[in-house]
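The values are calculated or read from the model by the stated rules, or taken from the named source; none is laboratory data. Just so it is clear, the model here is predicted, and its values are computed rather than measured. Methodologically, a virtual Cβ is constructed for each residue, glycine included, from the backbone with ideal geometry; neighbour enumeration extends over all protein chains shown.
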Amino acid sequence: MNATLLAVALSLVSAAAYACAAVAQERLAARITGTGDGFLRLLGSGVWWSSVGLNASAALLHVAALKYGPLTLVQPLGALTLVAAVPLGARLAGRRVTPLEWRGTGLTLIGLGALLLTASGPAPDDTLTLTEALAVAGVTMAVIGVLSRPGTRPGLRHATASGFASGVASALTQTVTVAATDRSGPLLAPQVIVVALLVAAFAVGGLFLSQTAYRGGLGAPLAVVTLANPVAAAAIGLTLLGERLQGGVAGLFLAAGGAAIAAYGVVVLTRSPRDEVHSRTPAEDFLPSIPDQPEPAALHLSSP
């Protein structure tokens, strides 16, 4: 199979797994919003660990896709996560997807599709040096710190931070994948080990940031994550890994227009209603439901 087609196929399956994980995270976030022990409840939730497993599976598929395709091709395909997650989340909430959600999703996908048209190329063969990887990590941590500083309201800022974290993790993953498979150096070289640890740190950080972001609903935060992820990864690919947009000046205009349309789609999604999820107490999870009983009929005493 052609390397590009294989990268696309792996990315599609990865996007489906990410969509299922995002919906599970959003439903769980709605249940624990406002509780002081939210982190501990996450660790004790089977739904949470299921979403972690789905995210891990999706990440492995994503790593495999990066072996056969460049960042500028693989990352925009993550937009398909949005296509699957929005209708799936609505179905689980017992409602239909609203026209506003379809419109926002469509605009976001059209914009990212324009970006995808400019992103193609051979299988990656460049890697970041250790100095470059550490510099990227430092800048990313500073940006994430600003976006998720204490006191900020959970929502689009945390979603942006999550997208940046996962996008940088993907860019660093390409370095690990290429370095570990080209057999030109030792598998456990210091560069590979350090970059692999950075990948793990940003992947886990992005997971928790997205969990926080989904307290504000699914559509808009997921759209922001979907948009910020390829932007961060493509920036690294274009500036440090020698990747190029196709089409010259016309390609640059197409990419800029696509980014603007996708950003507008995110704005549209921010206006969509949030699904209400009934929050049950721990006691309610173990108590059987008691059907409503009819009120006793009034007792009428007739006088003799």
Open item on the list: Criterion first (within 15 Å of the chain's Cα centre (by Cα) and either surrounded by 23 or more Cβ atoms within 10 Å (Cβ to Cβ) or not β-branched (Val, Ile, Thr) (or both)) does Leu209 satisfy it?
Closed with: yes
- [ ] Answer yes or no as to whether Leu116 is of a type in the set (A, V, I, L, M, F, W, C), surrounded by 18 or more Cβ atoms within 10 Å (Cβ to Cβ), at pLDDT below 85 and under 17 Å from the mean Cα position of the chain (by Cα).
- [x] no
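To keep it simple, each residue is scored yes or no on (1) in a helix (DSSP H, G or I); (2) not polar (S, T, N, Q).
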position: Ser166; (1), (2): yes, no
position: Ser170; (1), (2): yes, no
position: Tyr214; (1), (2): yes, yes
position: Leu227; (1), (2): yes, yes
position: Leu245; (1), (2): no, yes
position: Gly251; (1), (2): yes, yes
Open item on the list: What's the number of the only condition in (1) exposed (fewer than 12 other Cβ atoms within 10 Å of the Cβ); (2) modelled with pLDDT under 65 that Thr239 fails to meet?
Closed with: (2)
- [ ] Can you give me the number of residues within the stretch 48-83 that are among the small types (Gly, Ala, Ser), at pLDDT below 80 and under 23 Å from Val204 (Cα atoms)?
- [x] 2
Task: Number of positions in the stretch 212-221 that are modelled with pLDDT under 80 and touching a Leu at 6+ places or on another chain (Cβ under 7 Å) - done: 2
Task: Tally, over the stretch 83-118, of residues that are over 30 Å from Pro70 (Cβ atoms) and in a loop (DSSP other than H, G, I, E, B) - done: 6
